[in-house]
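Q: To start, I am sharing the structure in question, which I have written as structure tokens.
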Amino acid sequence: MQISTVQHLGQRQSIVMTAQLQKAICLLQYSNVDLHSVIESEAEDNPFVDVKAGPGADQQGSMRGIGSRSGGAGADQGDMLARIAEHDLSLYAHVAAQFDMLFPEPSDRMIADVFLEALEPSGWLGEDLEAMSFRLGLSVEETESWLERVQQVEPSGLFARSLAECLKLQAEDQGVMTPIFAALLENLPKLAAADLKGLMRACKCDMDELRPALKLLRSLNPKPGADFNGPVAPQRAPDLIVTKGAEGWQVELNKSTLPSVLVNEKKAAQLKPAHGDYVNDTLSVALWLRRAVAHRNQTTLSVGAEILRRQSGFMEQGPAGLTPMTLKDVAEAIGVHESTVSRVTTDLLMQTPQGTFPLKYLFSASLRKDEGEEGESAAAVRHRIQQLVREEDAARPLSDDAIAKIITGEGTHLARRTVAKYRDILKIPSSFQRRRNALLQAS
């Protein structure tokens, strides 16, 4: 057998991902805050680039979500901040305000902010202490000491790592911790199983002594962060702001956090005679960056406007008004690739009359409806399940099958297993568990 090499000549088309193209694509997924950091980094290496925080005079500022998509004059920074202030404080803002007083030293505040970043909407700590220790460069013991400090904020129970710790913090804050209640917290699985005899043995008490502890338990809040407005605790200012005026719904870039790229062309002209090639190359990069940021802002605005156009029902009614919407739907409507919409919606927040949400929250698949009509969004159906459970008779909770029949009767076909799946997503106990919880509440 002979082995030989053969050369073939041919042509093919391909897209070359240049460094600038890759950077332009990355800009699409940056929040306003991250974008500011990127421009600052570029300004350190490029003498002709500067970054201006706040309103961007050279950026288009608003788009209407319903009706014409012509650009409109955006509200000024003061108006935007005033609109943000109209909303009640989020959990994040509430805790941040307390941290301002508890940790006046910048070095202490930086450590406290790491805990703040890990705070979940429920009020619990969403990160393992060992991982936080690594991030902070502290020992686990030092991190635990810091945890005790941040747990001093109100309402009590915030930054807990478990249900037992959350309830313990609240009981200690109220001065009602007793040996029986402490034993009860150590045996919550027995309570979940409605094993009252086992609880009495574990707590070394009879039912008359256990009953006040159970009453105290019911008075405490297992999710102290959930009482704050909005489903999400925004950890930064929104990137897009939705308002409604005389001309209908409108979406704007949040100019209070939107950075601008300033290019010093005058300085470049002065240096060009002595450093021609360097100036030409460096100025070219600066001008490209300005165009790339402008393109990022316009693309973000276009995506936001299309989302607003499709989700006007949500703006009026909340989660019950969500309509089916996919990345492909938005991409086709504004004439971009689906991956572009995916990048834009990766990390951006939109402030709406219903609260501040990640853009991804507003996307939802469609469920089948009667007579070939467009179905309800999965998110709206999940909201309906929550509503049915909230309104049910606690002594006779609805089964998954009963919920499926109710929603199907309303026009959206829903299988029992889909109800079970959505119930798990929503962290709603089964009907058996809900009935058992009702019995415990009545004891």
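Q: Looking at the range 169-183, which of its residues are open to solvent by 30 Å² or more (accessible area, probe 1.4 Å) and more than 21 Å from Glu148 (Cα to Cα)?
A: Pro179, Ile180
Q: All but one of (1) without any contact (Cβ under 8 Å) to a residue 12 or more places away in the chain; (2) within 30 Å of Ala268 (Cα to Cα) hold for Gln317; which doesn't?
A: Going through (1) without any contact (Cβ under 8 Å) to a residue 12 or more places away in the chain; (2) within 30 Å of Ala268 (Cα to Cα) one by one, Gln317 breaks only (2).
Q: What are the pairs, 6+ residues apart or on separate chains, where a residue within the range 270-283 that is under 19 Å from Gln20 (Cα atoms) has its Cβ under 8 Å from a residue that is open to solvent by 70 Å² or more (accessible area, probe 1.4 Å) and not in a helix (DSSP H, G or I)?
A: Val279/Lys272; Asn280/Lys272
Q: Here's a check for you: in the range 326-350, which residue that is open to solvent by 10 Å² or more (accessible area, probe 1.4 Å) and of a type in the set (S, T, N, Q) is farthest from Trp249 (Cα to Cα)? Walk me through how you get there before you give the answer.
A: From the range 326-350, those open to solvent by 10 Å² or more (accessible area, probe 1.4 Å) are 326-329, 332-340, 342-343, 346-347, 349; that's our starting set.
If we keep only those that are of a type in the set (S, T, N, Q) as well, we get 326, 339-340, 342, 346.
Working: Thr326: 21, Ser339: 26, Thr340: 24, Ser342: 23, Thr346: 23 Å.
Among them, the one singled out is Ser339.
Q: Do you know which residues across the range 239-258 are touching a Leu at 6+ places or on another chain (Cβ under 7 Å) and modelled with pLDDT under 90?
A: Once the filter is applied, which keeps residues that are touching a Leu at 6+ places or on another chain (Cβ under 7 Å) and modelled with pLDDT under 90, the range 239-258 yields only Ser256.
Q: Just name the residue that is nearest to Ala171 (Cα to Cα) out of those in the range 204-215 that are open to solvent by less than 30 Å² (accessible area, probe 1.4 Å) and part of a helix (DSSP H, G or I).
A: The residue in question is Ala213.
Q: What residue, among those in the range 139-162 that are more than 26 Å from Leu217 (Cβ to Cβ) and touching a residue at least 12 places away in the same chain (Cβ under 8 Å), is most open to solvent (accessible area, probe 1.4 Å)?
A: Arg149
Q: So if I check each of Ala305, Ala286, Ala274, Ala294, which one is over 14 Å from Leu253 (Cα atoms) and either open to solvent by less than 10 Å² (accessible area, probe 1.4 Å) or assigned to a helix (DSSP H, G or I) (or both)?
A: Criteria check complete, one pass: Ala286.
Q: Checking the structure you have, find out if any residue of the range 130-150 is of a type in the set (D, E, K, R) and in a loop (DSSP other than H, G, I, E, B).
A: So far as the range 130-150 goes, no, none of its residues is of a type in the set (D, E, K, R) and in a loop (DSSP other than H, G, I, E, B).
Q: Same structure again: Determine whether Ala171 is over 30 Å from Asp113 (Cα atoms) and not aromatic (Phe, Trp, Tyr).
A: Criteria not met by Ala171.
Q: Just for helices (runs of 4 or more DSSP H) wholly inside the range 387-443: which have at least 3 residues that are out of contact with any strand residue (DSSP E or B) (no Cβ under 9 Å at 6 or more places or on another chain), open to solvent by 40 Å² or more (accessible area, probe 1.4 Å) and more than 24 Å from Ala193 (Cα to Cα)?
A: Once the helices (runs of 4 or more DSSP H) in the range 387-443 are filtered for at least 3 residues that are out of contact with any strand residue (DSSP E or B) (no Cβ under 9 Å at 6 or more places or on another chain), open to solvent by 40 Å² or more (accessible area, probe 1.4 Å) and more than 24 Å from Ala193 (Cα to Cα), what remains is 400-409.
Q: Any chance the range 64-82 includes a residue that's open to solvent by less than 30 Å² (accessible area, probe 1.4 Å), at negative phi and modelled with pLDDT of 65 or more?
A: no
Q: Got at least one residue in the range 11-19 being more than 30 Å from Trp249 (Cβ to Cβ), out of contact with any Cys (no Cβ under 9 Å at 6 or more places or on another chain), small (Gly, Ala, Ser) and at pLDDT below 55?
A: Yes, that holds for at least one residue.
Q: State all residues of the range 236-258 that are assigned to a loop (DSSP other than H, G, I, E, B) and open to solvent by 20 Å² or more (accessible area, probe 1.4 Å); if no residue qualifies, say none. Give the derivation first.
A: If we filter the range 236-258 for residues that are assigned to a loop (DSSP other than H, G, I, E, B), which is where we start, we get 236-239, 246-247, 254-258.
The answer is Arg236, Ala237, Ala246, Glu247, Lys255, Ser256, Thr257.
Q: Let me ask something else about it. Could you check Thr323 against (1) of a type in the set (Val, Ile, Thr); (2) open to solvent by 20 Å² or more (accessible area, probe 1.4 Å); (3) assigned to a helix (DSSP H, G or I) and say which number it fails?
A: For Thr323, the failing item is (3).
Q: Working carefully through the options Leu388, Leu398, Leu362, Leu426, find the one that is closer than 30 Å to Asp347 by Cα and either of a type in the set (Lys, Arg) or modelled with pLDDT of 85 or more (or both).
A: From the options Leu388, Leu398, Leu362, Leu426, the qualifying one is Leu362.
Q: What residue, among those in the range 95-108 that are open to solvent by 50 Å² or more (accessible area, probe 1.4 Å) and assigned to a helix (DSSP H, G or I), is nearest to Ser156 (Cα to Cα)? Quick ask: steps written out before the conclusion?
A: Looking only at the range 95-108, we keep the residues that are open to solvent by 50 Å² or more (accessible area, probe 1.4 Å), and these are 100-102, 104-107.
Narrowing the set further to residues that are assigned to a helix (DSSP H, G or I) leaves 100-102, 106-107.
On the way: Asp100: 17, Met101: 17, Leu102: 15, Pro106: 24, Ser107: 24 Å.
Among them, the one singled out is Leu102.
The values are calculated or read from the model by the stated rules, or taken from the named source; none is laboratory data. The shown structure was predicted, so the numbers you read here are calculated from the model rather than taken from an experiment. Because the Cβ atoms are built from the backbone with ideal geometry, glycine has one as well, and the counts that use them run over all protein chains shown. For accessibility, only protein heavy atoms count, side chains too; no ligands or nucleic acids. Shrake-Rupley method; radii C 1.70, N 1.55, O 1.52, S 1.80 Å.
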